[in-house]
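J.: This is the structure I have questions about; it appears just below.
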Amino acid sequence: MKADLAITGGLVATHTGVFPATLAISAGRISALLDPQERPAAEEVLDAAGRMILPGAIDPHVHFNEPGRTDWEGFETGTASAAAGGTTSVVEMPLNANPPTTDARAFALKVDAIKDKAHVDYALWGGLVTDNVEALEGLRRSGVAGFKAFMIETGTPEFRRAEDGVLWEGMERIAAWGSVLGVHAENNDIAMRLQERLERAGRRDMRAWCESRPPEVEVEAIQRALRMGAATGCRLHVVHVSTPDGGALVAAARETGQRATVETCPHYLLLDEDAFVRLGPVAKCAPPLRRHAAVEGLWRQVLDGTIDCLASDHAPCPPEEKARGAGDVWQAWGGINGVQTLLPLMVSEGVHRRGLSWERLVSLTSANTARIFGLYPRKGSLLPGADADIVILDPDREWTVTAERLRYRHRFSPFMGWRIRGWIDRVLVRGRTVVEHGEIVGQPGYGRLLMPEATIDHTPERPSPGGGLGGG
């Protein structure tokens, strides 16, 4: 049978190995992985000589703010940015949309608002907030990929934090469904108390933000969430961990048999507190950037398998929301633009600079995320039958992050001016090219809503002891 497309001459990287192969694609799916010498009959043949061929990245943590705050980003620009960076699926957060995705009606409003806008495939988180426990069942039936709760106030009044009693009850229900609860883990009372004290002292500098939310604020909340997860049997995912102490807690819980996973973000691996002081509000995020020792500790956990997956926590805003914090850090919006640079930064700083193996990169950016959110092996793999979500990457071509390269609605980033080694040459979503030579060629509306599969094994792949190194 004639394939629609054959990709030849490249080096294929999956979470299990790196090898030369020919990929055959039919009807939007991988139809065969063949010996590199084979040339299947195909309508089109794409020569990928000198290129790496990877499963498309899956970003489990983006805020595209639609409906209600499309002027902050929106699905059209957000997913175009994702595609340009080699991300072929996203899992979008329930805030900062307005209304937030906290009941079935809001879920339907969001799907209707975005159905003709996405360049890549997408799944949706549902929110667990202080007053919506009874609405969780409707979100589950709607098809959310997981539920998200904040243990600290969000700064957006329409999405309130979930107090411990709400967390407990929500976990009980989510556990019964076999779904996952993602937690933003920071102790609200301590952080708010510290901020009030610093503000009374007249502190408005960048370091004041870091001092208001020290690592202990995060670590305590992770401990509390893990204990509740263990007691209720709820599968737990700790989002954007910024301190290796937090990663170690999750790893220790797993050793006891608890189902718990953890993500971190490129900004916690590549920027530190001193960089925040230098860059200013553009690098304000929550949890804050940490000291350099924490950065090094997180890298060790990325390499050794403690960290399960990588996310951008793309949390955009109009530039004036950052500018207002130039002389008063408390006034700046806390969020970093990062979906487009997620995969390129990890190729450049991980594979080339830190010795991250290509296999481990694929686990962190694709395969493990697909498992956690019930999308594997349709997503996150290059197995026959999987969606043909593919990144063709020139591993050695260098480029610079500039406003002209970025596809965000508001084209700023703490990584502006970074020199990156690893060029996204072509991106396919379900067999169709959406990015070519770094340019968007796909059409908005091609992306589809993804629903999790209830029957898969959600356990991420982890390297064997001593594994995880390699690269080039």
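The values are calculated or read from the model by the stated rules, or taken from the named source; none is laboratory data. Being a predicted model, the structure only gives us computed values, none of them experimental. Cβ placement follows ideal geometry from the backbone for every residue including glycine, while neighbour counts extend to all protein chains displayed. In case anyone asks, the SASA skips ligands and DNA or RNA and just uses the protein heavy atoms, side chains included. Shrake-Rupley method; radii C 1.70, N 1.55, O 1.52, S 1.80 Å.
J.: Pairs of Cα atoms under 8 Å, at least six residues apart: use those to get the relative contact order of the range 25-136, whole percent. Write down the numbers at each step before the final one.
T.: On the way: 149 pairs, mean separation 27.8, N = 112.
Averaging sequence separation for qualifying contacts and normalising by length gives 25 percent for the range 25-136.
J.: Just need the relative contact order of the chain here, percent rounded to a whole number, with Cα pairs under 8 Å and 6+ apart. Mind dumping the intermediate values first?
T.: Values: 1174 pairs, mean separation 97.8, N = 472.
Normalised by residue count, the contact order of the chain is 21 percent.
J.: While we're here: Could you tell me the distance between the Cα centroids of the range 181-244 and the range 341-392, to the nearest Å?
T.: 29
J.: For a label point 7 angstrom out from the Cα of Phe19 toward its Cβ, which stretches of the range 374-389 have the backbone nitrogen within less than 13 Å?
T.: The answer is 382-384.
J.: Dividing the alpha-carbon Rg of the range 157-256 by 2.2 N^0.38 Å yields what?
T.: Working: Rg = 15.2 Å, N = 100, 2.2 N^0.38 = 12.7 Å.
So the Cα radius of gyration is 1.20 times the expected 2.2 N^0.38 Å.
J.: For the chain, what is the calculated [θ] at 222 nm in deg cm²/dmol (nearest 500), taking -39500 (n - 2.57) for each run of four or more DSSP H residues and dividing by its residue count? Intermediate values should be presented prior to the final figure.
T.: Numbers: 15 runs with 136 residues, N = 472.
Computed ellipticity for the chain at 222 nm equals -8000 deg cm²/dmol.
J.: Related question: Return the carbon/sulfur percentage of the accessible area of the chain, one whole number, probe 1.4 Å, all protein chains in place. Walk me through the numbers before you get to the answer.
T.: On the way: 8090 of 16850 Å².
Ligands and nucleic acids excluded, carbon and sulfur reach 48 percent.
J.: Quick check: pseudo-label points 7 Å beyond the Cα along Cα→Cβ at Val45 and Glu404, how many nm apart are they?
T.: Calculated label separation equals 3.6 nm.
J.: On to the next question. Taking the Cα centre of the chain as the origin and placing charges on Cβ (Lys, Arg +1; Asp, Glu -1), which of Pro244, Val129, Ala32 is farthest toward the positive end of the dipole?
T.: After comparing all options, I get Pro244.
J.: On full extension of the chain, what length is gained from Leu449 through Thr433, given 0.36 nm per residue of separation minus the C-alpha to C-alpha distance? Kindly include the intermediate steps, with their values, before the conclusion.
T.: Working: separation 16, 0.36 × 16 = 5.76 nm, distance 1.84 nm.
Working it through step by step, the gained length comes to 3.9 nm.
J.: Moving on to the next point. Normalised by the number of residues in the range 237-332, what is the relative contact order in percent for Cα pairs under 8 Å and 6+ residues apart?
T.: Values: 124 pairs, mean separation 32.3, N = 96.
This gives 34 percent for the range 237-332.
J.: Tell me whether the range 213-340 comes out rounded, prolate or oblate; compute the Cα gyration tensor, take square roots of the eigenvalues as a ≥ b ≥ c, and use a/c under 1.5 as the rounded threshold.
T.: Values: a/c = 2.19, a/b = 1.88, b/c = 1.17.
Here the range 213-340 falls in the prolate category.
J.: Of the listed pairs Lys117/Lys379; Lys148/Lys284; Lys115/Lys379; Lys117/Lys284, which have alpha-carbon separations greater than 23 Å here? Could the numbers behind the result be given before it?
T.: Numbers: Lys117/Lys379 21 Å; Lys148/Lys284 21 Å; Lys115/Lys379 20 Å; Lys117/Lys284 29 Å.
Violating the 23 Å limit, Cα to Cα: Lys117/Lys284.
J.: If you wrap a convex hull around the alpha carbons of the range 121-180, what volume per residue comes out, as a whole number of Å³? Spell out each step's value before the answer.
T.: Details: hull volume 5.3 nm³, N = 60.
Cα-based convex hull of the range 121-180, divided per residue, equals 88 Å³.
J.: I've got another one for you. Compute and list, largest first, the equivalent-ellipsoid semi-axes of the range 400-460 from the alpha carbon gyration tensor, each √(5λ) rounded to a whole angstrom.
T.: Details: eigenvalues 161, 60, 36 Å².
Gyration-tensor ellipsoid for the range 400-460: 28, 17, 13 Å.
J.: A follow-up question, please. Output needed for the range 19-152: three equivalent-ellipsoid semi-axes, defined as square roots of 5 times the C-alpha gyration tensor eigenvalues, in descending order, whole Å. Spell out each step's value before the answer.
T.: On the way: eigenvalues 276, 47, 35 Å².
Values for the range 19-152, descending: 37, 15, 13 Å.
J.: Give me the one-decimal Kirkwood hydrodynamic radius in Å for the range 306-350, with the sum taken over alpha-carbon pairs.
T.: Values: mean 1/r = 0.0818 Å⁻¹.
Roughly 12.2 Å, rounded to one decimal.
J.: Write down Rg/Rh for the chain, rounded to two decimals, with Rg from the C-alpha atoms and Rh from the Kirkwood relation over Cα pairs. Write out the running numbers ahead of the final one.
T.: On the way: Rg = 21.0 Å, Rh = 22.1 Å.
In the chain, Rg relative to Rh is 0.95.
J.: Could you provide, to the nearest whole Å², the per residue accessible area of the chain with probe 1.4 Å?
T.: Details: 16850 Å² over 472 residues.
For the chain, the per-residue accessible area is 36 Å².
J.: Starting from the range 359-448, pick out the chymotrypsin sites (Phe, Trp or Tyr not before Pro) whose DSSP state is loop and whose Cβ has at most 10 other Cβ atoms within 10 Å. Before the final figure, lay out the partial values.
T.: Working: sites: Phe373, Trp399, Tyr408, Phe412, Phe415, Trp418, Trp423, Tyr446; in loops: Phe373, Tyr408, Phe412, Phe415, Trp418, Tyr446.
Listed in order of number, the matching sites amount to none.
J.: Continuing with the same structure: Taking GluC sites (Glu not before Pro) as candidate sites, keep only those in a DSSP loop with at most 16 other Cβ atoms within 10 Å, then name the longest stretch of the chain containing none of them.
T.: Values: sites that count: Glu38, Glu153, Glu158, Glu163, Glu404, Glu453.
Longest stretch, sites excluded: 164-403.
J.: Okay, moving on. Per residue of the range 394-399, what does 6.51 cos²θ - 1.76 cosθ + 1.60 with θ = phi - 60° give for ³J(HN,Hα)? Whole Hz please, x for Gly and Pro, Karplus curve as stated.
T.: 8, x, 10, 5, 9, 8
J.: Here is a follow-up. Calculate I(q)/I(0) for the range 332-470 by the Debye formula, one identical point scatterer on each C-alpha and no solvent, and give its log10 at q = 0.09, 0.20, 0.21 Å⁻¹ to two decimals.
T.: Once normalised to I(0) and log-transformed, intensities are -0.32, -1.40, -1.44.
J.: Kindly work out what percent of the DSSP beta bridges joining two residues of the chain are antiparallel, to the nearest 5.
T.: Close to 50 percent.
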